[in-house]
């Protein structure tokens, strides 16, 4: 009995060890090094970075490009997270019930998620093309002259959000699964009390899914602040007028284009801080609105 | 039994799911203030009847009348019907108060009035101290009371109960049965109560309807159904252990076109009895005992005896059936003759 109890934690640690090693070596250690580099003059090319104190922080505070970058990222997260959540939740709830052709639609919704980002971005270069792109042609049907999507700051940002509104497969699957776990009898009880489809959505489905929705919102915030790198690079390369110079793009530019490894490290920390602040704000709202029990 | 118009009247109700026939021409009337229990094995269509009356599903054929009005085309909430589900279907994200207010708010009852009515319903069922709890913080019995209170607030013409005691343990079930009956008498509303527990069906119902394979096999007062089962299915379903059914020409006599039945309590141990049998097993139930015997021709007969019988397995006994209590059924159709 005694040996069994002593052995059990050991076994658990043995199983955890490979993962722990990977997390330490590939995530924790680089993250710590990153914090260290942020206070050096490291270029990424030389061997012996020198400690420079708060020099990078001073640079950060007077960096006009960084301000553009931050603005672009905040605009993006403010638009992309609601749009992506709405799409994932809306489609998830719509396609959760078994109905003819449902399987086909579920596959269709998930499909963009398995397409590589670069391929999707190239596809959107075509979709957003002002001359022969289908989006402008569609607008043309309603008599609208269309936009020069990627040449105008605002529409460029919207174009990126538009592209990222499609790879929503994970959130979609989670909503689908969570909705299917809800007890059908609750809906029957509600129907008996005169609660129609809209009332059921408002009074049952959304409150019951609230924990899942909060989780998805937090996850999508983290994700959205980072995944805009590929579309921005392929579609706009940070332009026009820095409108899509999102933080990950600016970090990449600093680190690999301008050999500012140390400065890039500092912005990475800032990205993390921005993410954390947004999530805290979300959770405060969740508490304020009593979304969760 | 029926008044001018019954609270509920089902006319040749039929429903099938794909190839499976759930209901096959069900007729049933429930009078105002009457409690009818629906009993039958699983899959006999009991719950389907409730779901059709509630409007959760539509019948393939037949009519449903509530208070003389055909409700076939009415949505569930316009049918003046309240249902208590097997696992109560309380809204898990709402407190008891929220659960009680739910329907009232949906029906746009003013907040103050809604609160007051919820409070009254809670008082009536003795759950006022639970109002701020969530369903997962309560016992099965408490949840059931909340479900009852919620049904009460609908102020329905008809109550539908779908095995509401299935998840309660035996002593609680016994107590709840009495409470439920008292509430029913007080409300004086028509009630249909589905159960697969025959003891529950017998003790609760003003009348019992026995279902099998989507058909009502017999409806009547519990004792009447027990004493004069309409067919061999009802005879074998009600009573524990069930009625002994013997092919005609066997130990109970009769002709080959008959099946004869005798209940275990209508077989007496009697040294001068006409039947000879060997005891195979004795099940002592405390207040009584069930003796399982086998006759020379292989017929098995269960006999209900007083507690502590002297016979042991292997002993030979003689049995005397009460001749006035031998049931005669048609061998082919199983119907009573």
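To keep it simple, each residue is scored yes or no on (1) over 30 Å from residue B:47 (Cα atoms); (2) more than 27 Å from the chain's Cα centre (by Cα); (3) not in a helix (DSSP H, G or I).
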| position | (1), (2), (3) |
| --- | --- |
| A:98 | no, yes, yes |
| A:105 | yes, no, no |
| A:108 | yes, no, no |
| A:111 | yes, no, no |
| A:129 | yes, no, yes |
| A:155 | yes, no, no |
| A:202 | no, no, no |
| A:209 | no, no, no |
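Being within 27 Å of the chain's Cα centre (by Cα) and crowded, with 17+ Cβ neighbours inside 10 Å is the filter here; which residues of segment A:32-59 pass it?
A:34, A:37, A:38
Give just the number: which of (1) on the phi > 0 side of the Ramachandran plot; (2) touching a residue at least 12 places away in the same chain (Cβ under 8 Å) does residue A:143 not satisfy?
(2)
Could you grab me the full set of residues in segment A:149-187 that are surrounded by fewer than 15 Cβ atoms within 10 Å (Cβ to Cβ) and free of Cβ contacts under 8 Å to residues at least 24 places away in the same chain?
Hits for segment A:149-187 are A:177, A:181, A:184.
Is it true that residue B:219 is surrounded by fewer than 23 Cβ atoms within 10 Å (Cβ to Cβ), within 25 Å of residue B:161 (Cα to Cα) and in contact (Cβ under 8 Å) with a residue 60 or more places away in the chain?
yes
Among the residues of segment B:49-71, what is the count of those that are under 14 Å from residue B:7 (Cα atoms), more than 11 Å from chain A (Cβ to nearest Cβ) and either part of a strand (DSSP E or B) or in contact with a helix residue (DSSP H, G or I) (Cβ under 8 Å, 6 or more places away or on another chain) (or both)?
Going through segment B:49-71 one residue at a time, the tally reaches 7.
Between a residue in segment B:72-88 that is at the interface with chain A (Cβ under 7 Å from one of its Cβ atoms) and in a loop (DSSP other than H, G, I, E, B) and any residue that is at pLDDT 90 or above and surrounded by fewer than 22 Cβ atoms within 10 Å (Cβ to Cβ), which pairs come within a Cβ distance under 6 Å, given they are 6 or more apart or on different chains?
Cβ pairs passing all conditions: B:85/A:185.
So, in segment A:258-293, exactly how many residues are part of a helix (DSSP H, G or I) and either in contact with a helix residue (DSSP H, G or I) (Cβ under 8 Å, 6 or more places away or on another chain) or under 19 Å from residue A:37 (Cα atoms) (or both)?
Qualifying residue count for the region: 20.
Yes or no: residue B:93 outside any loop (DSSP other than H, G, I, E, B), buried (at least 17 other Cβ atoms within 10 Å of the Cβ) and within 9 Å of another protein chain (Cβ to nearest Cβ)?
Considered against the rule, which asks whether it is outside any loop (DSSP other than H, G, I, E, B), buried (at least 17 other Cβ atoms within 10 Å of the Cβ) and within 9 Å of another protein chain (Cβ to nearest Cβ), residue B:93 comes out as no.
Got a number for residues in segment A:171-183 being within 11 Å of chain B (Cβ to nearest Cβ) and farther than 13 Å from residue B:89 by Cβ?
0
Of the residues A:209, A:186, A:215, which is within 14 Å of another protein chain (Cβ to nearest Cβ) and under 20 Å from residue A:83 (Cβ atoms)?
A:209 is the lone residue from the list that is within 14 Å of another protein chain (Cβ to nearest Cβ) and under 20 Å from residue A:83 (Cβ atoms).
Take the conditions touching a strand residue (DSSP E or B) at 6+ places or on another chain (Cβ under 6 Å) and either outside any helix (DSSP H, G or I) or farther than 29 Å from residue A:205 by Cβ (or both) and apply them to residue A:49. Does it pass?
yes
For residues in segment B:145-180 being part of a helix (DSSP H, G or I) and within 14 Å of another protein chain (Cβ to nearest Cβ), which is farthest from residue B:65 (Cα to Cα)?
Across segment B:145-180, the extreme among qualifying residues is B:146.
Under 8 Å by Cβ, and 6 or more places apart or on different chains, what pairs join a residue from segment B:102-114 that is without any contact (Cβ under 8 Å) to a residue 40 or more places away in the chain and within 14 Å of chain A (Cβ to nearest Cβ) with one that is part of a loop (DSSP other than H, G, I, E, B) and buried (at least 17 other Cβ atoms within 10 Å of the Cβ)?
B:106/A:193; B:106/A:195; B:107/A:193
Within segment A:227-244, how many residues are within 16 Å of the chain's Cα centre (by Cα) and crowded, with 23+ Cβ neighbours inside 10 Å?
4
Within segment B:125-132, does at least one residue satisfy the condition of being under 24 Å from residue B:7 (Cβ atoms), in contact with a helix residue (DSSP H, G or I) (Cβ under 9 Å, 6 or more places away or on another chain), more than 14 Å from chain A (Cβ to nearest Cβ) and part of a loop (DSSP other than H, G, I, E, B)?
Yes, some residue in segment B:125-132 is under 24 Å from residue B:7 (Cβ atoms), in contact with a helix residue (DSSP H, G or I) (Cβ under 9 Å, 6 or more places away or on another chain), more than 14 Å from chain A (Cβ to nearest Cβ) and part of a loop (DSSP other than H, G, I, E, B).
Can you pull out the residues in segment B:213-222 that are over 16 Å from residue B:193 (Cα atoms) and either in a strand (DSSP E or B) or at pLDDT 95 or above (or both)?
Listed by number, the residues that qualify are B:215, B:217.
Residues that are within 30 Å of residue B:38 (Cα to Cα): which strands (runs of 3 or more DSSP E) entirely in segment B:223-337 hold 1 or more of them?
Result: B:244-247, B:258-262, B:267-269, B:275-284, B:289-295, B:300-305, B:327-330.
Whether any residue in segment B:148-156 is surrounded by 23 or more Cβ atoms within 10 Å (Cβ to Cβ) and within 21 Å of the chain's Cα centre (by Cα) is what I want to check.
yes
The values are calculated or read from the model by the stated rules, or taken from the named source; none is laboratory data. Given the structure is predicted, the values throughout are model-derived calculations rather than measurements. We place every Cβ from the backbone using ideal geometry, glycine too, and count neighbours over all the protein chains shown.
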